[in-house]
Amino acid sequence: MNTQSLSKVTIHFAGDSGDGIQLAGSQFTNTTALAGNDLSTFPDFPAEIRAPIGTVAGVSGFQINFGSEKIHTPGGRPDVLVAMNAAAFKKNFPNLKSGGIIVLDSAGFDKKNLRLAAYDESSTPIEDIPKDYQVYAVDITKLNREALKDLSLGSRDKDRSRNMFALGFIYFLYSRSLQTTISFLEAKFKSKPEVLEANLRALNAGYNYGDTIEAISRFKVAPAQMEKGEYRNITGNQATALGLIAAAAKSGLELFYGSYPITPASDILHELAAHKNRGVKTFQAEDEIAAVTSAIGASFGGALAVTGTSGPGMALKTEGIGLAFMLEIPMVIVNVQRGGPSTGLPTKTEQSDLLQALYGRNGEAPIPVIAANSPADCFSAAFEAARIALEHMTPVILLTDGYIANSSEPWKFPQASSLAPINPPIVKADAQYLPYKRDEREVRSWAIPGTPGLEHRLGGLEKELETGNVSYEADNHQAMVKVRDRKVRLIAKGYPAQKLIQGPPSGPLLVLGWGNTLGAIQVAVEHALEQGLAVAQLHLKYINPLPEDLGTILSAYERVLIPELNNGQLARVIRDQYLVDVEVLDKIKGQPFLAEEILEKIKSLVEND
Amino acid sequence: MTEPNSALFTAKEAASDQEVRWCPGCGDYSILKQMQSVIPGLGIKREDIVFISGIGCSSRFPYYMNTYGMHSIHGRAPAVASGLKMANPNLSVWVITGDGDGLSIGGNHLIHLLRRNVDLNVLLFNNEIYGLTKGQYSPTSEMGKRTKSSPMGSLDHPFNPLALALGADATFVARTIDRDPVHLRGVLETSNLHKGTSFIEIYQNCNVFNDGAFLSYSDKKQKGQHIILLEEGQPLVFDAGKKGIRLNGLKPEIVDLEEGFSANDLWIHDSRDATKAYILSRFFDDNFPRPFGVFYQEDRPCYEEQLIAQINHAKEIQGETDLDDLLRGKRSWTVD
């Protein structure tokens, strides 16, 4: 048996949505992270909790890309496919790299499963795999039942540990330790000793199976050359939650999170609800509107108030966000974007709520918009959104999306002491308090109920300059619209200078991105540069207001390409703001970009010139 | 009840400097005046009082109180107030809403507030009409009501607000009326003492679009026969002591006290009895006099107290995680 060293591997786990694919994937991820690889993951599950068993619609997938080199994306075509049934194979085999490795449970290819996967009953998909693929067709179901035969669990319960058998086998193939998963199982099934025993045996049986079959080649992926420091693995939704908790700590405020369950944002609520011991107040509201308006109440009461949702929920919150804007109170609105419009593609990703974030309110109501670009970046984006909200007394929209929300990557987490303090303009006493008197940044001060002498009334009606009293006066309204707009535009004064991620400071092409496209663009531009194409990369975190130096950067390139997972929304904004022509690469398939899709577009633009 | 001399500020200080802009003769003036006279005596500091309203005529109320206040958006005051109370349970929070704001566009928030039992006082000004939009029928307007939006008569069956509140398991349910200042002040004071959501329906005359809707409950000549004032432990008597209500099983009956019945036969008001409260709330047609006062009250833990208790419990058993430990999580590794 030989062990081959690899610098990078992409594995795709797939099975029925009841097969425990996400669990197997996340366990492989944790083990891989602790082994020191850089990695990126992408879970992809059906919208239905239990789609019809065995069908292609019910296939749940989890992809991980890991390596001894820097990893920017969950990988394009996988090197390895783990398929627990015929449907999982049917859906994912076409994506597998030519000559790749296939691990499959042959029990999942019986007549019934073939029929459910809409194969011809006479077809023989396993036998039909071309010879250059390396196929491990293992009767996992049978071997697993054999390993658990003396346990008193029913065979259905025994079969539930098939995922651990498959995972054990993959651990063997990639020379991984079982210890992380063993500890995890021991904690998870502490109160169910028989289930624990079944899972541990299945895991070991899978590993040992790999050890006993002959002529198998194993692989080793050495630890990556990562920047020195302490790391953990984190998903985007977890990072968003931690960013908000950190911002509350750094501003000396309590965190209030009002939310209504919605895919793919609910995990933020779950994560925050688990941190009550830090004083986090979570409120599962009766609807999206109560979620945002309860946050408005909490903000008025002096909390760092946050509401989180996804596209359809944003639509419902619109009026509330307008009120927060009009009141000029701090609030963060997290939109974990998913495929739209309407209910759209709840479990799939998209970047199509950008224009909604920028413009989706009645009246003149500009709101700062920040976009996170990777799972770990959700932490700093959430922290920054909270900072701007609190220091500039405004609602801020934080855009993440289903892809980075559920994906994970190693995160070199910051020391708490390295996070800058956040200073909300709280006023404790004032002989003549004027709620809408502003400082040089046009920011008003924040008098919190309970503070003696500062009693005042706020509302959604137009206000008189400084006093905040209701005013229907014509010139006052114009002045107020202008001052609120100016206040938001002045936020850009506090941005750091925009820095190119790579490429020359001027030339034929700039690839401009925002949000989750960062990794795919980075890989594409790296390849383009390696191939001698003079392409540069810039990625936007701040979408409203746009950075003041963006126009100068854009003007240094002959062309600008914006790849986005929508029908060209940032492109419209850039054309509108800078009058530059923009090439759009759109992808509206519910899936993130593959680097090669962007590279191809880059080549078509630069080589044709 | 608190003695007037314990007032922390004066009624004059309770009023803001803003000019009140309801139509002359509007019932809202009376409610505002009673609130301004009651609130200084509740033993609550002015800075700890907050009025939250939605949209509608009644929702201008916070602008006229010299306390903290927010005039929010249509129907959402219960949710805004809930968030505020969770953020700072020390505040005395009053929700001002109307029949359109609270029962139509904001109906969902109202019922969820009541079941959660957040410690707020909800004052629902019911004038059975949309006033601010100039006279369309509301969810409490009677069927067949002719308005600009229902020229042939409204087809909507009206809500019975108190029955709705009881159905949502409200812990304090009362009714009062703008034209009876003494009763109104009494109900406001009692509601303030209740820990949990107090729901108070206030019949309020809209003299422009629905004048006289409650005349039979306020007019000196008529009201005796049409109202019952609920008093704890007292028999249900009306029409100047001439008539009463008795319970025949679960069926209420009007009895004549001048012809064979005495106070001993009558229903004794018990605001802790949920079944009786529900029967009382069904006194909603012309067959029975309309009850005023506290229909129902119960002690049930309020939402924000339990939220704080959970937080304290979590702190106790888990300790307050250091921010560094939180960021590090359970599994971290070091790259040298």
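For chain A, what is one quarter of the convex hull surface built on the Cα atoms, given in nm²?
Orientation-averaged projected area of the Cα hull: 30.0 nm².
Using amide H atoms built 1.01 Å from N in the peptide plane, name the residues 5+ places from residue A:282, or on other chains, whose amide H lies under 5 Å from its own.
HN-HN under 5 Å from residue A:282: A:257.
Rg and Dmax in Å for region B:4-213, alpha carbons only: what are they?
Values for region B:4-213 (Cα only, Rg and Dmax): 16.2, 55 Å.
In sequence order, what are the phi-derived ³J(HN,Hα) couplings for region B:181-194 according to the Karplus relation 6.51 cos²θ - 1.76 cosθ + 1.60 with θ = phi - 60°, rounded to whole Hz, with x for glycine and proline?
With the stated coefficients, region B:181-194 comes to x, 5, 5, 4, 4, x, 5, 4, 5, 5, 5, 5, 6, 6 Hz.
Using the Karplus equation 6.51 cos²θ - 1.76 cosθ + 1.60 (θ = phi - 60°), what ³J(HN,Hα) coupling, rounded to whole Hz, does each residue of region A:18-32 give in order, writing x for Gly and Pro?
Ordered by residue, 3J(HN,Hα) equals x, 8, x, 5, 4, 5, 4, x, 6, 5, 4, 4, 4, 5, 5 Hz.
Where the only charges are on Cβ atoms (+1 Lys, Arg; -1 Asp, Glu), what is the dipole of the protein assembly as shown about its Cα centre, to the nearest 20 debye?
Result for the protein assembly as shown is approximately 480 debye, rounded to the nearest 20.
Just give me a number: lysine pairs in region A:232-418, eight or more positions apart or cross-chain, with C-alpha atoms less than 24 Å apart.
Count of close lysine pairs: 5.
When a/c reaches 1.5 or more, the comparison of a/b and b/c decides; with that in mind, is region A:3-221 rounded, prolate or oblate per its Cα gyration tensor?
rounded
List A:331, B:143 from most exposed to least, where exposure is judged by having the fewest other Cβ atoms within 10 Å.
Placing the least packed residue first, the sequence is B:143, A:331.
For residue A:426, what residues show an amide H to amide H distance below 5 Å, using hydrogens built from the backbone and excluding near sequence neighbours?
A:446
Where the only charges are on Cβ atoms (+1 Lys, Arg; -1 Asp, Glu), what is the dipole of chain B about its Cα centre, to the nearest 20 debye?
Computed about the Cα centre, the dipole is about 700 debye.
Pick out, in residue order, every one of the trypsin sites (Lys or Arg not before Pro) in region A:151-232 that is DSSP loop and has at most 15 other C-beta atoms within 10 Å; say none if there are none.
Of the trypsin sites (Lys or Arg not before Pro), the ones in loops of region A:151-232 whose Cβ has at most 15 other Cβ atoms within 10 Å are A:190, A:228.
I need the phi-derived Karplus couplings for region B:56-68: 6.51 cos²θ - 1.76 cosθ + 1.60, θ = phi - 60°, integer Hz, Gly and Pro marked x.
Once rounded to whole Hz, the list reads x, 4, 4, 6, 6, 3, x, 4, 9, 9, 8, 10, 6.
For residue A:488, what charge total do you get from the other residues with a beta carbon under 14 Å from its beta carbon, if Lys and Arg give +1 and Asp and Glu give -1?
+4
Using a ≥ b ≥ c from the Cα gyration tensor of region B:223-293 (square roots of the eigenvalues), is it rounded, prolate or oblate, where a/c under 1.5 gives rounded and otherwise the larger of a/b and b/c decides, a/b for prolate?
Because its axes are fairly even, with a/c under 1.5, region B:223-293 counts as rounded.
Let me know the shape class of region A:425-494, please: from the alpha-carbon gyration tensor, a ≥ b ≥ c as square roots of the eigenvalues, rounded when a/c is under 1.5, otherwise prolate if a/b is greater than b/c, or oblate.
oblate
Tell me, how many Å apart are the Cα centres for region A:67-122 and for region A:257-336?
Taking the Cα centre of region A:257-336 as reference, the centre of region A:67-122 is 40 Å away.
Can you give me the Cα centroid spacing of region B:132-146 and region A:409-460 in angstrom?
Going from one Cα centre to the other spans 43 Å.
Would you list, by chain and number, the aspartates and glutamates whose Cα falls below 17 Å from the Cα of residue B:220, excluding same-chain residues fewer than 8 positions away?
Within the straight-line limit of under 17 Å, residue B:220 reaches these aspartates and glutamates: B:178, B:180, B:211, B:239.
Please arrange B:9, B:172, B:209 by counting, for each residue, the other beta carbons lying within 10 Å of its beta carbon, fewest first.
Ascending Cβ contact count within 10 Å gives the list B:9, B:209, B:172.
Using the Cα atoms of region B:99-232, I'd like the radius of gyration and the largest Cα-Cα distance, Dmax, both in angstrom.
Spelled out, the Cα radius of gyration and Dmax of region B:99-232 are 15.2, 45 Å.
Below 28 Å Cα-Cα, how many Lys pairs turn up in region B:4-213? Only count pairs eight or more apart in sequence, or on different chains, if you could.
Lysine pair count for region B:4-213: 13.
For chain B, calculate the relative contact order in percent as a whole number, restricting contacts to Cα pairs under 8 Å that are 6 or more residues apart.
Averaging sequence separation for qualifying contacts and normalising by length gives 14 percent for chain B.
All of the numbers you see were taken from the coordinates with simple rules; none came from a lab. Just so we're clear, the structure is a prediction, and the values are computed from it rather than from any experiment. Note that we place each Cβ from the backbone using ideal geometry, even for glycine, and neighbour counts take in every protein chain shown.
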